């Protein structure tokens, strides 16, 4: 009888170890049925306004530091892509991001990348040129307002955007209105492919979502019910990812891509 219990214990221990190590399911989280802010506003604890004004003092003072390893990885990626100093790589060309490609896959909702974090970029992108008195960065130029060709309303909630693919054309001006239709705070940002590739090494860190990062455009915190608008001009062909990078939000599905014709990629979810 003792042997039976010993074997049961061994088998049970092996089963628990397998489930804990290998059988990890997709990351998921149930949002609250109603935001706590709704009740706080009703009681007058917090202001009724849902749109926060960002203070750029902390950003200018570099209170939140970007890991030095990001710059190292970005330099390696640009070198492998064949980019020359002063050239801006915004993801033009094929990228090895389809299911089944060699390399690690970021947790549930991200994309396959080569094991060294580099994209397979075969074409060179052109140097960004000044537009409307400002320097375009990463193939896009973002302004607070101005003339535009069309308007896109993009809502975000738990755990998705209302659109995962946005088709654009070089030279096009688009007014984006982004609304947080969820029950918890979110953020919104655009990143190009080199910037995305440069931070994939962070997936090995437990706190990788909490580390400061570089983005082409970022709205750091959008409260439930909040919204903001901006005008974006596409200055050259390419592909750009938009996402919420609050802890695990992107992995649970809050990610999409904006691309010019022929640049869209398959995104594994």
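The values are calculated or read from the model by the stated rules, or taken from the named source; none is laboratory data. Bear in mind the structure is a predicted one, so any value in this text is a computation, not a measurement. Every residue, glycine as well, gets a Cβ built from its backbone with ideal geometry; the counts of neighbours run over all protein chains shown.
Checking the condition closer than 30 Å to residue 36 by Cβ, modelled with pLDDT of 90 or more and not in a strand (DSSP E or B), which residue from 182, 171 passes?
182
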So residue 225 ticks every box in (1) over 28 Å from residue 39 (Cα atoms); (2) in contact (Cβ under 8 Å) with a residue 60 or more places away in the chain; (3) out of contact with any helix residue (DSSP H, G or I) (no Cβ under 7 Å at 6 or more places or on another chain); (4) not in a strand (DSSP E or B) but one. Which box is left unticked? (1)
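Return a yes/no flag: does region 139-150 have any residue that is part of a loop (DSSP other than H, G, I, E, B) and modelled with pLDDT of 95 or more. Can you show your working first?
First, the residues of region 139-150 that are part of a loop (DSSP other than H, G, I, E, B): 139, 144-149.
Then drop every residue that is not modelled with pLDDT of 95 or more, which leaves 148-149.
There is at least one residue in region 139-150 that is part of a loop (DSSP other than H, G, I, E, B) and modelled with pLDDT of 95 or more.
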Any residue at all in region 4-15 that is at pLDDT below 65, more than 29 Å from residue 187 (Cα to Cα) and surrounded by fewer than 13 Cβ atoms within 10 Å (Cβ to Cβ)? no
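Residue-wise test of (1) outside any strand (DSSP E or B); (2) crowded, with 19+ Cβ neighbours inside 10 Å; (3) in contact with a strand residue (DSSP E or B) (Cβ under 9 Å, 6 or more places away or on another chain).
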{"site": "163", "(1), (2), (3)": "yes, no, yes"}
{"site": "166", "(1), (2), (3)": "no, no, yes"}
{"site": "175", "(1), (2), (3)": "no, no, yes"}
{"site": "197", "(1), (2), (3)": "yes, yes, no"}
{"site": "215", "(1), (2), (3)": "yes, yes, yes"}
{"site": "229", "(1), (2), (3)": "no, no, yes"}
{"site": "236", "(1), (2), (3)": "yes, yes, yes"}
{"site": "264", "(1), (2), (3)": "yes, no, yes"}
{"site": "267", "(1), (2), (3)": "yes, no, yes"}
Could you list, in sequence order, all residues of region 240-262 that are crowded, with 23+ Cβ neighbours inside 10 Å and either free of Cβ contacts under 8 Å to residues at least 12 places away in the same chain or in contact with a helix residue (DSSP H, G or I) (Cβ under 7 Å, 6 or more places away or on another chain) (or both)? 241, 245
